[in-house]
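What follows is a short report on a single structure.
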Amino acid sequence: MRRKVAIYARVSTEHEAQLSALDNQVQYYDDILKKNPDWILYDRYIDEVITGTSIKKRKNFMRMIEDAKAGRFDLIVTREVSRFARNTVDTLQETRKLK
């Protein structure tokens, strides 16, 4: 089944270790896309140097949510729940909205 997929990645500091973590996240997504040939990448939503505690401060996260609401893609792929949101309330609220 063909699915349009969005990926979301985030790092929260400018430290070199975190920036390489972003590279690792992107590689992780590339590997997943290769393993799922029926997935079509819609867009990569990446927030750099932005805390995960508040979704409102993450421009690309908010853009991704708006695109999801508009039905532009079928699935969001993220490496870890903490990349999506660190705040449990935000995680639950956004997941419920998307469902």
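The values are calculated or read from the model by the stated rules, or taken from the named source; none is laboratory data. Only a predicted model underlies this, so the values are computations on that prediction, with no experimental measurement involved. Every residue, glycine as well, gets a Cβ built from its backbone with ideal geometry; the counts of neighbours run over all protein chains shown. For the accessible areas, the whole protein counts, side chains as well, though only heavy atoms, and no ligand, DNA or RNA atoms are used. Shrake-Rupley method; radii C 1.70, N 1.55, O 1.52, S 1.80 Å.
One residue stands out among those in the range 43-76 that are open to solvent by less than 20 Å² (accessible area, probe 1.4 Å) and assigned to a strand (DSSP E or B): the one that is modelled with the highest pLDDT, which is Y45. Kindly indicate whether V5 is surrounded by 13 or more Cβ atoms within 10 Å (Cβ to Cβ) and modelled with pLDDT under 95. Judged against the criteria, V5 is not a match.
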